[in-house]
Each structure stands twice: as structure tokens, then as C-alpha cells.
Amino acid sequence: MRFLAQSPVMDAQVKSGGPGTDASWVSSSRSMRMLPIMRFFRQRGRSEAEPMTGTPVGEAKALYEAGRFAEAEAEARAVARSRSRDDEYAAVALNIAALATGAQGRHDEALATYDEALSAFSRIFGADHWLTLKLRSDRAQQMVALGQHAECEAECAAVAEAADRGTGPEMSLLAAAARNGLIFALNAQGRHQEAEAVAREALAAHRARDRASLVLRLGLARSLNGQARHEDALKEAEGAKKLYRALPEYQRHPDTGAVELAAATALFGLGRAADARRQAATAHDACLASFGPDHRRTVEARTLLEDIDGTRH
């Protein structure tokens, strides 16, 4: 569920000390050094790719976007170890390591790495900087996989409120990302009607056909399946499929299998067991190959297959 990661302040805001910027760390020379870091976070929520060739985290970023999560984690951790604790690239490397660790299904380790990264981000960028808020959102969404649903709900709600008070496209994307985590946490607690309301409100506020819209639609489909409104859920899954296919390849990896899983759940609820099984098997195989057996989505797809086959104990 990692956003869109899944965005710091606009370049103009950094240079002027505008909204979302901690002026104590902004200087013209440091702003220039920060531009590649800022581009990395922006790319996670936008369609244009701009390589970070020549930066310390460039290889880790490329490996992560290629879905080579174990290699990305190893590279990012090596970069973090090689630099001082107050180095911006060390902080970004820790974030990439956390993302890659979570993508492999090692959610407890990912949360610990997020804690380490959050300390660095707060120290370097400031607690109210949108980079730090974005990290809080990503960290909170790991909690769902660990069953910490109420904690995730509270943290994502707080980040969404902070983003609503900010300005600029980065804060808009951050609000969508945080609400994605909130929707997932509500669904995980069986509060599907609340999740649906949040999803519809977030989609109304975020009109771009990007990855943010994709994950919000998947959250909406999950809430509808939870209410046994499977026809509506299937329609949302089909819409999500179109969004997924339109994304650049490097943005698709984190959501591998998610569309098929949503569709399979809806089809099974509609009594179309054969169609549901095909979709669930596709989701499971794709998640197993991309994330490994312990990732929450792999486990969910496997459980659905067992339900369809009547073999779950």
C-alpha cells in the first residue's frame, strides 16, 4: 500500500521559504543540493520519470522502480551506512530501504527502518515539512500489515489534516496518500461504509488519472466488497484496471496483483467461482513473484483461493 508514495515542496517554495518549508534549513546552496531528492519523491506520484543518475541514491531508486526490491534494499542500506547521520541522501536511502523492505513482506523490519528514517527526516527537514509528513504516511500504512489498524487510522487522519492545511500539488498528493492509508485501516476494521465515504470524498478531490486515483479506487472497491455490493465493486475494479494499464511500468510494481484481487473478491461474491479463481490465481502468482510469500497481498490472495476451493481450515 505504500503510496505514491507512495513529494516535497515546490522548488519555488523551497527557494522562498513558502508554505511547508522550514526556513531554518533553506539556503540557496542547500536548495540546489535538495533538488534531486525532491525530484525522487515527486516521481513516485507523477507520470514523468527523471533519472537521478550521479546521485548517491540513484541506483537504489532505479532498482526499486524495476521491482528488484531485495537489491534495492541492500543498495539503499549500504548508502545509508556510508554517509553521516545528518546527510540528506542518507535519510532518503533509509526511506528507500524501508519501502523495499515492506515490498518484500517484512513489515516489522520495514516499520523499524521507517522509525529510523523518520528521526532523520524530522531532524533534517523539520517535523512539518511535507517530506516528513509523507514519510509518516508511508510508515503508518505498514502498520496495517502488522494488524495495528487503529494506530494507522489515527496517524493517517492526522497527516491528511496537516496536508489539507498546506498548499501546492505536493500537499494534494500527500492528502490522497494519507487518505488511502485511512481507507485501508477503516476497511481492515470492518468499517466499510466509513471507508467508502472517505474514498469517494478523496476521489472527488483528486481528479488526476494517476496512481493516487488507482489506489483510492482500489480502496473503494474493497469497501464495496465489504458491504457485499459486489457488482459495484467489480465496476470499480474494472475502472482501476484501466488506470493501472495507463501508468508507466515503473509505477505499476507496488500495486502488482491488487486489481486482480479486487476483481476476484467481487466475482466470488457474485457466485462466479471459476472466474474468481482465475483472477485470484493470477493475483497470487504475480504477488508471489514480485513480493514473496509473506507479503500481505500474497497472503490475502492465497486465502481467497482457499476460500474459493473450500480448503481453508
Binning at 10 Å from 0, report for region 204-283 what percent of all alpha-carbon pair distances ends up in each bin.
-> 21, 51, 24, 3
Taking the Cα atoms of region 220-265, report the difference between the largest and smallest coordinate on each principal axis, in whole Å and largest first.
-> 33, 15, 14
If you count, for each residue, the other Cβ atoms within 10 Å and average over each peptide, how do 242-252, 85-95, 272-282 line up from highest to lowest?
-> 85-95, 272-282, 242-252
Hey, which aspartates and glutamates would be in cross-link range of Lys241, C-alpha to C-alpha under 17 Å, not counting anything within fewer than 8 residues on its own chain?
-> Asp210, Glu231, Asp232, Glu249, Asp255, Glu260, Asp275
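If one computes P(r) from the Cα atoms of region 113-197, what percent of pairs lie at distances over 22 Å? Let's see the in-between values first.
Numbers: 815 of 3570 pairs.
The calculated P(r) of region 113-197 puts 23 percent of pairs beyond 22 Å.
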Where the only charges are on Cβ atoms (+1 Lys, Arg; -1 Asp, Glu), what is the dipole of region 214-313 about its Cα centre, to the nearest 20 debye?
-> 180
Whole number in Å², please: accessible area per residue of region 200-313, 1.4 Å probe, ligands, DNA and RNA not counted.
-> 47
Taking alpha-carbon centroids only, region 161-213 lies from region 256-313 a number of Å equal to 25
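The values are calculated or read from the model by the stated rules, or taken from the named source; none is laboratory data. Here the structure is a predicted model, which is why all the values come from computation and not from measurement. No Cβ is skipped: glycine too gets one built from the backbone with ideal geometry, and neighbour counts run over all protein chains shown. These area figures cover heavy atoms from the full protein model, side chains too; ligands, DNA and RNA do not enter into them. Shrake-Rupley method; radii C 1.70, N 1.55, O 1.52, S 1.80 Å.
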